[in-house]
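Structure first, commentary second.
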Amino acid sequence: MSARSNILNKLRAGLAGTTPRPDDFDEGLVTTPWQYAPEDRITRLRTLMEAVHTEVHQVTSAQWPAKVQELLESRGLGNLLYAPGTAHGRQLAVHWQRSSAKVQLMVYDRPIEEWKDELFWKVDASITGTVGGIAATGSLVLWPDRHEPRLMSLLPPLHIALLKASEVEDNLYGMMQKHNWSAGLPTNLLLVSGPSKTADIEQVLAYGAHGPKELVVLILEDA
């Protein structure tokens, strides 16, 4: 018997003869104080994120690739890590071809062991999608997968995140309900509210210590 099975069997045995406690969860406690009119969700999310040094732009679903190009070129960056297997990755690649953008598109297509040095030190920026946003806390919800591994949003100095305006929920509970996480909670979920920062050393606030120094959010409007 494995150590895991042994531990689980002891836990089950310890519950013998006990009665489960009634579920008295009150949904209103975690939703009622954190509900907003649909037209106010974006404003609240943007206000909270900008307060912690996140750069936010509202653009149309057709114009965002041009905005990405503008952001990269204005910073003088040389490359962008993207996922060609996603819908937004394909849209970005089409724009890059048509615009003859000089910034190089890079693909996360190898095990980290094969290009660790390049990934850690030579990637200027990355772009990823999001599952949605949370107005109550001013947070993005990222669900990394094989197309966009977690390191895409953690390693490059600049992280550009795409957020659909229609996918901003009032609160975390609403996000959990919408995506039915009780039936299949993601194994690797990220809640991001701003660029990486810490004040561990002499209580001096520093950005980029444990992740991207800059976070840019593009909120995509349907029009």
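The values are calculated or read from the model by the stated rules, or taken from the named source; none is laboratory data. On a predicted model such as this, the values are computed, not experimentally measured, just so you know. Note that we place each Cβ from the backbone using ideal geometry, even for glycine, and neighbour counts take in every protein chain shown.
Odds and ends about this structure:
- Cβ-Cβ under 9 Å pairs, at least 6 apart or on other chains, the stretch 147-163 side within 20 Å of Gln91 (Cα to Cα), far side of a type in the set (Phe, Trp, Tyr): His147/Tyr108; Glu148/Tyr82; Glu148/Tyr108; Pro149/Tyr108; Met152/Tyr82; Met152/Tyr108; Leu162/Trp64
- Scanning the stretch 174-194 for residues that are in a loop (DSSP other than H, G, I, E, B) and either modelled with pLDDT under 90 or under 15 Å from the mean Cα position of the chain (by Cα) (or both) returns Gly184, Leu185, Pro186, Thr187, Asn188, Leu189, Ser193, Gly194.
- Selection status of Leu220, modelled with pLDDT under 95 and over 14 Å from the mean Cα position of the chain (by Cα): no
- Selection of the stretch 73-83 for residues being in contact with a strand residue (DSSP E or B) (Cβ under 6 Å, 6 or more places away or on another chain) and either closer than 23 Å to Arg146 by Cα or assigned to a helix (DSSP H, G or I) (or both) yields Asn79, Leu80, Leu81, Tyr82.
- Scan of the stretch 95-113 for residues that are over 18 Å from Leu154 (Cβ atoms), assigned to a helix (DSSP H, G or I) and either touching a residue at least 12 places away in the same chain (Cβ under 8 Å) or acidic (Asp, Glu) (or both), ordered by number: His95, Trp96, Ser99
- Number of the exception - Asp170 against (1) at pLDDT 90 or above; (2) touching a Leu at 6+ places or on another chain (Cβ under 9 Å): (2)
- Search result, residues across the stretch 51-62 that are among the hydrophobic types (A, V, I, L, M, F, W, C), under 21 Å from Leu191 (Cβ atoms) and exposed (fewer than 15 other Cβ atoms within 10 Å of the Cβ): Ala51, Val52
- Subset of the stretch 177-209 [under 17 Å from Pro144 (Cβ atoms) and surrounded by fewer than 10 Cβ atoms within 10 Å (Cβ to Cβ)]: Gly184, Thr187
- Residue, surrounded by the most Cβ atoms within 10 Å (Cβ to Cβ), within the stretch 26-50, restricted to residues that are in a helix (DSSP H, G or I) and polar (S, T, N, Q): Thr31
- Hits in the stretch 73-92 - residues which are touching a residue at least 24 places away in the same chain (Cβ under 8 Å) and either polar (S, T, N, Q) or in contact with a helix residue (DSSP H, G or I) (Cβ under 7 Å, 6 or more places away or on another chain) (or both): Asn79, Leu80, Leu81, Tyr82, Ala83, Thr86, Gln91, Leu92
- Across the stretch 63-122, the qualifying residues are those that are exposed (fewer than 11 other Cβ atoms within 10 Å of the Cβ) and under 18 Å from Ala161 (Cα atoms), and the one among them that is farthest from the chain's Cα centre (by Cα) is Ser74.
- Residue in the stretch 55-72 that is free of Cβ contacts under 8 Å to residues at least 12 places away in the same chain and either part of a loop (DSSP other than H, G, I, E, B) or within 15 Å of Leu220 (Cα to Cα) (or both) present: yes
- The lone criterion from (1) in a loop (DSSP other than H, G, I, E, B); (2) under 20 Å from Phe120 (Cα atoms) left unmet by Glu202 is number (2).
- Residues satisfying the criterion are absent from the stretch 124-143 (criterion: part of a helix (DSSP H, G or I), over 20 Å from Ile219 (Cα atoms), touching a helix residue (DSSP H, G or I) at 6+ places or on another chain (Cβ under 9 Å) and at pLDDT 90 or above).
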